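Some notes on the structure that comes next.
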Amino acid sequence: MKLEHWQVVFTQYRQAQSVLDGWLPQSAPGSAAAVGLLGREGLRRLHDELLEVIERLRAGLGAHARDEEVQDALKPFTYLVDERVLLRLADSEQPLWPLLQYRLFGEDGGGEAFYTLADQRLDQPGSPALLFEMLHFCITAGFGGRYLGHTAKLREYQERLSARIVTPPPPPAFAGAGESSGPLLYAFPARYYAASAASVLGLQCLLWWVTR
């Protein structure tokens, strides 16, 4: 994933986690269950706050990608957020949750739709890398959907998605005016991509930490 995309996605993912923790704090570290009931008004307010996060993600990605690419990429992220909420809600309130995916896309089966979308685009040549990056991100962040708890199947999808995420080559060096510019033309890309790789690795480590 491009560094710009990583920054936008990870920032809003952390924001969604913060909103969810504020409304439905986990009862114990590593536990999916939350404490207390929200009621219809609380559910509506939580819905609105998470919707704002998704709209900020739309705006952030829109600065780097086309509208149709952003729309596709928002779907798996929205399925992830809905699943996160449902896993924390009490059983009695799960049917009352106003799905974000229904509000944005008119859908109510994100657990199936996630993999249907993945299968369709994996079989379609020329699909934008941003979607594959977002699908991979969501599985890494803990999305399960149809395959919740099926580690081997989730890993299989991660591998298939990784194969479609192409790392862009470094930009070609342009001819310098004198001999002194020669070393800089090759040194700069190396430093730049090393720094980018370190930043991405750091974000991946943070993602692992918040999803333990």
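The values are calculated or read from the model by the stated rules, or taken from the named source; none is laboratory data. Keep in mind that what you see is a predicted model, and the values were worked out from it rather than measured. Please note: Cβ atoms are built from the backbone with ideal geometry, for glycine as well, and neighbour counts cover all protein chains shown.
Of Arg45, Arg56, Arg88, which residue is over 17 Å from Phe137 (Cα atoms) and under 14 Å from the mean Cα position of the chain (by Cα)?
One residue alone meets the criteria, Arg56.
Evaluate the following for Gln120: is it over 20 Å from Gly22 (Cβ atoms), among the polar types (S, T, N, Q), assigned to a helix (DSSP H, G or I) and within 14 Å of the chain's Cα centre (by Cα)?
No: the conditions fail for Gln120.
Take the range 138-154 and flag every residue that is over 14 Å from the mean Cα position of the chain (by Cα) and assigned to a helix (DSSP H, G or I).
Across the range 138-154, the qualifying residues are Gly145, Arg146, Tyr147, Thr151, Ala152, Lys153, Leu154.
Scan the range 1-25 and report the pairs whose first residue is farther than 15 Å from Glu49 by Cβ and at pLDDT below 95 and whose second residue is among the polar types (S, T, N, Q) and part of a helix (DSSP H, G or I), with Cβ atoms within less than 6 Å and a gap of 6+ or a chain change.
Partner pairs satisfying both residue conditions: Leu3/Ser196; Leu3/Ser199.
Any chance you could count how many residues in the range 163-184 are surrounded by 12 or more Cβ atoms within 10 Å (Cβ to Cβ), at pLDDT below 65 and of a type in the set (D, E, K, R)?
The number of residues fulfilling the criteria is 0.
Please determine whether any residue of the range 84-96 is out of contact with any Ser or Thr (no Cβ under 6 Å at 6 or more places or on another chain), under 15 Å from Leu135 (Cα atoms) and of a type in the set (Lys, Arg).
Taking every residue of the range 84-96 in turn, none turns out to be out of contact with any Ser or Thr (no Cβ under 6 Å at 6 or more places or on another chain), under 15 Å from Leu135 (Cα atoms) and of a type in the set (Lys, Arg).
Can you list residue pairs whose Cβ atoms sit under 7 Å apart, with the first residue in the range 88-100 being within 18 Å of Asp21 (Cα to Cα) and the second being of a type in the set (Ser, Thr, Tyr)? Count only pairs 6 or more apart in sequence or on different chains.
Once the first residue is within 18 Å of Asp21 (Cα to Cα) and sits in the range 88-100, its partners that are of a type in the set (Ser, Thr, Tyr) give Leu100/Thr78.
For the subset of the range 109-162 comprising residues that are more than 21 Å from Leu50 (Cα to Cα) and β-branched (Val, Ile, Thr), which member is surrounded by the most Cβ atoms within 10 Å (Cβ to Cβ)?
My answer is Thr116.
Quick test of your reading of the structure: Gly109 fulfils all but one of (1) touching a residue at least 40 places away in the same chain (Cβ under 8 Å); (2) over 17 Å from the mean Cα position of the chain (by Cα). Name the failing condition by number.
The one condition Gly109 does not meet is (1).
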